[in-house]
Amino acid sequence: MLFIENIVLALSALQVNKMRAFLTMTGIVIGIASVIAIVCIGNSLTASITTTMESMGANTIIVSIRERGGNEFDGGPRMPGISAATPEESDLLTDEDLETFIARFSDRIETISLSHGVGSGKAQEGRLYANVSVTGVNAGYAKANNLELLAGRFIAAKDIKGVKKVAVVSDRLINNIFSAGTDPLGREVKIYSDRIETYTIVGVYKYEASAFAPSSASEKDTLTHFYIPISLAKQDAVMKNYQVFTVITKTGVDAALFTREIEEYFAKVYENNAKWEAGVMNMESAISNMTSMLGTVSIAVAVIAAISLLVGGIGVMNIMLVSVTERTREIGTRKALGARSSYIKAQFIVEAVIICVIGGVIGIVLGLLLGALGANLLGFPATASPAVIAISVSVTILIGIFFGYYPANKAAKLDPIEALRYE
Amino acid sequence: MREIMIDIRNLVKKVFIGSPNELQILKNITMTVYKGEFVSIVGASGSGKTTLMNVIGVLDRPTSGEYLLDGKPMQKKSDNELSDIRNKKIGFVFQTFNLIPRNSALKNVELPMLYAGLNRQQRLQKAKELLELVGMLERMYHLPNELSGGEKQRVAISRALANDPAIILADEPTGALDSATGRVVMDLFHKVHETRGTTVVLVTHNHELAEETERIITLKDGSIVDEKTNPNYRTFTMKRGEMNAFH
């Protein structure tokens, strides 16, 4: 009974000074909003990374040649554009190196995947067109990247050996430049870039938007991969050798263990290279790395939020002290009318808690909005779990009790005579 | 033999005890108020009358001496017990009304009943009865700052009556009012005293008002210097009776 009356009382007290109450809340609002937003974005990021990486599979190991002394996490490939130095052709892996490597571990390697980006261009058929990114690949590429073939076949060893002008294209491209019902296999397609090349379509794969390349463009303008034999792609390349390749292990192989063995193997290969070495990374460890990185970010945000909540709490305490002073006479009157000290204390604690909870609720709503916005930009809508929201509300209640206690106690301890005399 | 409501013996109240400014506000006060009596305590400002009223209202504890309220000693009561006594036995009326500014007249009257643990329905019913008694029922949803001084004091009187107290303690209840509205307020005290038999202690520096009460206790510098039964009291009530009949 008294509890409900206290809530009504607190709300009416806050209504008198709406602006002041609102300003007092801001610290709490910012603290809670930042926690909720980061949890939303973190959830979205985790979801997007794990789905993308899981689609590559845990049995995937990436080998990349990188500069020695790099401090990037756990042997991963260097982020493009970060490397200051460019390797010499002799620092990279040749076809022979790869063949020796495959032969050495033939019991565990199912295939390896190679790719070489040539550049973007436009596939044109009459007035119709499709944007493409021409990429040279080997036969293992489809397996490593989970490409789903809809028709025909993928780039095969014979295409690479013969440097044939064949291509595997996306269903989007087919839809964009051919009329419905046309059998694309065997058809020729012209690619316009800095020159015009003609390829014969031998296969069609299913296009899927990935988290790392969200399709913001319309269906018609979507850029899709246009796969050609890697030998063809390398013809005009400055670097004929390979900096990165992906290993697909046979099923049942312990990827983590195998990763270490490959590491040892390439350590020997690069023994005499002072500047370059091979970094070997397994998808599983990459995922756990990403997760721990997100964890670090979350801790940083949690610390910021904690500081903000602390400052907010002190603000609440400050305004409650002001409120106690302003209402000294009221407190004296209440005591004269028979209010016990505990009731006065409860009244002010409830008021502090209400300020904090209203701030918390505004913070949650704001955080969810910001989080949804951020998650949307990342392409994987995700929201904070109800548990996080429940914890946020509990935290605000605790802040209210903690920072409301001192002013409330001060009010409860007021001498009624002094309080009634207060002007 | 009349029953005793307030029994004060050798009561002393000092402030700033132990400091060089130690001050004895009440010096060896002994006084008695009977049940159902209308008593006034008069004296110049600084004579200690408000402090005496605070002690009677158990807002303040005496430094020494005995105080029995309705036969029960008050010295050893805990703070919570004193709160409950203020809540149920005593009704305060202040010079400055002291209504809670954010609460309507109705809510203000409900407040002591809320502390007494009455449920909403009981509070509402009783509060409306009391507001009707003081003629403020039509304005029960008004906030204090929407009421005139006299109206505020009428609300304050109905709030003081909320838990049917044994004593009404009124400290200069007309001090902030003009004589006409002061008259209305004084009539209310008489009405409450006569119809409900409530003991009323009126603290005032106004001798004219004191003349309306049964007994007048005069304080000076913390001591009782005069105490007399008012010979005019009967006449006064009769006159009031005639006036009421005339109206």
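The values are calculated or read from the model by the stated rules, or taken from the named source; none is laboratory data. Keep in mind it's a predicted model, so treat the numbers as computed, not measured. As a convention, Cβ positions derive from the backbone with ideal geometry for all residues, glycine included, and neighbour counts pool all protein chains shown. Just so you know, the surface numbers come from the protein's heavy atoms only, side chains and all, with ligands and any DNA or RNA stripped out. Shrake-Rupley method; radii C 1.70, N 1.55, O 1.52, S 1.80 Å.
Within segment B:95-128, restricting attention to residues that are among the polar types (S, T, N, Q) and within 8 Å of another protein chain (Cβ to nearest Cβ), which residue is farthest from A:GLU330 (Cα to Cα)? Reasoning before the result, please.
Taking segment B:95-128 as the starting set, the residues that turn out to be among the polar types (S, T, N, Q) are B:95-96, B:98, B:103-104, B:108, B:119, B:121-122, B:125.
Now drop any that are not within 8 Å of another protein chain (Cβ to nearest Cβ), which leaves B:98, B:103, B:119.
On the way: B:ASN98: 7, B:ASN103: 11, B:ASN119: 23 Å.
If we take residues in segment B:95-128 being among the polar types (S, T, N, Q) and within 8 Å of another protein chain (Cβ to nearest Cβ), then B:ASN119 is farthest from A:GLU330 (Cα to Cα).
Within the group B:ARG86, B:ARG123, which residue is of a type in the set (D, E, K, R), open to solvent by less than 10 Å² (accessible area, probe 1.4 Å) and part of a helix (DSSP H, G or I)?
Exactly one residue qualifies, and that residue is B:ARG123.
For B:LEU23, state whether it is surrounded by 14 or more Cβ atoms within 10 Å (Cβ to Cβ) and in contact with a strand residue (DSSP E or B) (Cβ under 8 Å, 6 or more places away or on another chain). Write out each step before concluding.
On the way: surrounded by 14 or more Cβ atoms within 10 Å (Cβ to Cβ): no; in contact with a strand residue (DSSP E or B) (Cβ under 8 Å, 6 or more places away or on another chain): yes.
So B:LEU23 fails the test.
Which of the strands (runs of 3 or more DSSP E) contained wholly in segment A:124-242 include at least 2 residues that are buried (at least 19 other Cβ atoms within 10 Å of the Cβ)? Write out each step before concluding.
Working: elements: A:128-137, A:149-152, A:166-170, A:188-192, A:196-205, A:224-229.
Ranges flagged: A:128-137, A:166-170, A:188-192, A:196-205, A:224-229.
Looking at (1) within 9 Å of chain A (Cβ to nearest Cβ); (2) more than 26 Å from B:VAL184 (Cα to Cα), find the lone condition where B:ASN54 falls short.
Going through (1) within 9 Å of chain A (Cβ to nearest Cβ); (2) more than 26 Å from B:VAL184 (Cα to Cα) one by one, B:ASN54 breaks only (2).
Please state which one of B:THR32, B:THR50 is within 23 Å of B:THR198 (Cβ to Cβ) and part of a helix (DSSP H, G or I). Before you say what the answer is, go through the steps one by one.
On the way: B:THR32 fails: part of a helix (DSSP H, G or I).
Checking each option against the conditions leaves just B:THR50.
Spot the failing condition for B:VAL192; the list is (1) buried (at least 21 other Cβ atoms within 10 Å of the Cβ); (2) under 17 Å from B:LYS35 (Cβ atoms); (3) in contact (Cβ under 8 Å) with a residue 60 or more places away in the chain, and only one is missed.
Unmet condition: (3).
Could you grab me the full set of residues in segment A:382-423 that are out of contact with any Lys or Arg (no Cβ under 8 Å at 6 or more places or on another chain), of a type in the set (A, V, I, L, M) and part of a helix (DSSP H, G or I)?
If the condition is that a residue be out of contact with any Lys or Arg (no Cβ under 8 Å at 6 or more places or on another chain), of a type in the set (A, V, I, L, M) and part of a helix (DSSP H, G or I), then A:ALA387, A:VAL388, A:ILE389, A:ALA390, A:ILE391, A:VAL393, A:VAL395, A:ILE397, A:LEU398, A:ILE399, A:ILE401, A:ILE417 are the ones that fit.
What number goes with the only condition from (1) in a loop (DSSP other than H, G, I, E, B); (2) under 28 Å from the mean Cα position of the chain (by Cα) that A:HIS116 does not pass?
Result: A:HIS116 passes all but (1).
If we keep just the residues of segment A:338-351 that are open to solvent by 10 Å² or more (accessible area, probe 1.4 Å) and facing chain B (nearest Cβ under 10 Å), which is farthest from the chain's Cα centre (by Cα)?
Per the criteria, the residue is A:ARG340.
Hey, any hits in segment B:37-50 for a residue that's within 12 Å of chain A (Cβ to nearest Cβ) and within 28 Å of B:LEU147 (Cα to Cα)?
Within segment B:37-50, the subset within 12 Å of chain A (Cβ to nearest Cβ) is B:50.
Now narrow it down to the ones that are within 28 Å of B:LEU147 (Cα to Cα): B:50.
Yes, segment B:37-50 contains at least one residue that is within 12 Å of chain A (Cβ to nearest Cβ) and within 28 Å of B:LEU147 (Cα to Cα).
If a residue has to be closer than 19 Å to B:LEU118 by Cα, open to solvent by 10 Å² or more (accessible area, probe 1.4 Å) and within 14 Å of another protein chain (Cβ to nearest Cβ) to count, how many in segment B:129-164 make the cut?
Matching residues across segment B:129-164 total 2.
Taking segment A:406-423, which residues are surrounded by fewer than 17 Cβ atoms within 10 Å (Cβ to Cβ) and closer than 14 Å to A:GLY313 by Cα?
Across segment A:406-423, the qualifying residue is only A:TYR406.
With the requirement that a residue be crowded, with 21+ Cβ neighbours inside 10 Å, over 10 Å from the mean Cα position of the chain (by Cα) and within 21 Å of B:LEU52 (Cα to Cα), what does segment B:166-177 give you? Before you say what the answer is, go through the steps one by one.
Going through segment B:166-177, the residues crowded, with 21+ Cβ neighbours inside 10 Å turn out to be B:167-174, B:177.
Remaining after also requiring over 10 Å from the mean Cα position of the chain (by Cα): B:174, B:177.
Across segment B:166-177, the qualifying residue is only B:THR174.
Within segment A:287-309, take every residue that is among the hydroxyl-bearing types (Ser, Thr, Tyr) and open to solvent by 30 Å² or more (accessible area, probe 1.4 Å) and give me the one that is farthest from the other protein chains (Cβ to nearest Cβ). Don't jump to the end; show me each part of the working.
Filtering segment A:287-309 for residues among the hydroxyl-bearing types (Ser, Thr, Tyr) gives A:288, A:291-292, A:296, A:298, A:308.
From what's left, open to solvent by 30 Å² or more (accessible area, probe 1.4 Å): A:288, A:291-292, A:296, A:298.
Working: A:SER288: 57, A:THR291: 52, A:SER292: 53, A:THR296: 49, A:SER298: 43 Å.
Among residues in segment A:287-309 that are among the hydroxyl-bearing types (Ser, Thr, Tyr) and open to solvent by 30 Å² or more (accessible area, probe 1.4 Å), the one farthest from the other protein chains (Cβ to nearest Cβ) is A:SER288.
So for segment A:310-330 (the condition being under 28 Å from the mean Cα position of the chain (by Cα), surrounded by fewer than 23 Cβ atoms within 10 Å (Cβ to Cβ) and part of a helix (DSSP H, G or I)), does at least one residue qualify?
Restricting attention to segment A:310-330, the residues satisfying the condition of being under 28 Å from the mean Cα position of the chain (by Cα) are none.
No - not one qualifying residue is present in segment A:310-330.
Take segment B:133-160 and flag every residue that is part of a loop (DSSP other than H, G, I, E, B) and either touching a strand residue (DSSP E or B) at 6+ places or on another chain (Cβ under 6 Å) or farther than 17 Å from B:VAL185 by Cα (or both). Walk me through how you get there before you give the answer.
Taking segment B:133-160 first, the residues part of a loop (DSSP other than H, G, I, E, B) are B:134-136, B:140-143, B:147-148.
Of everything in segment B:133-160, those that are part of a loop (DSSP other than H, G, I, E, B) and either touching a strand residue (DSSP E or B) at 6+ places or on another chain (Cβ under 6 Å) or farther than 17 Å from B:VAL185 by Cα (or both) turn out to be B:MET140, B:TYR141, B:HIS142, B:LEU143.
Quick test for you: out of A:SER115, A:SER106, pick the one residue that is of a type in the set (Gly, Ala, Ser), touching a Gly at 6+ places or on another chain (Cβ under 7 Å), modelled with pLDDT of 85 or more and open to solvent by less than 70 Å² (accessible area, probe 1.4 Å).
Values: A:SER106 fails: touching a Gly at 6+ places or on another chain (Cβ under 7 Å).
None of the other options fit; the residue is A:SER115.
Filtering segment A:1-60 down to residues that are outside any helix (DSSP H, G or I) and within 14 Å of chain B (Cβ to nearest Cβ), which residue is modelled with the highest pLDDT?
Of the residues in segment A:1-60, the ones outside any helix (DSSP H, G or I) are A:1, A:17, A:57-60.
Keeping just the survivors that are within 14 Å of chain B (Cβ to nearest Cβ) gives A:1, A:17.
Details: A:MET1: 51, A:ASN17: 83.
Checked segment A:1-60; the qualifying residue modelled with the highest pLDDT is A:ASN17.
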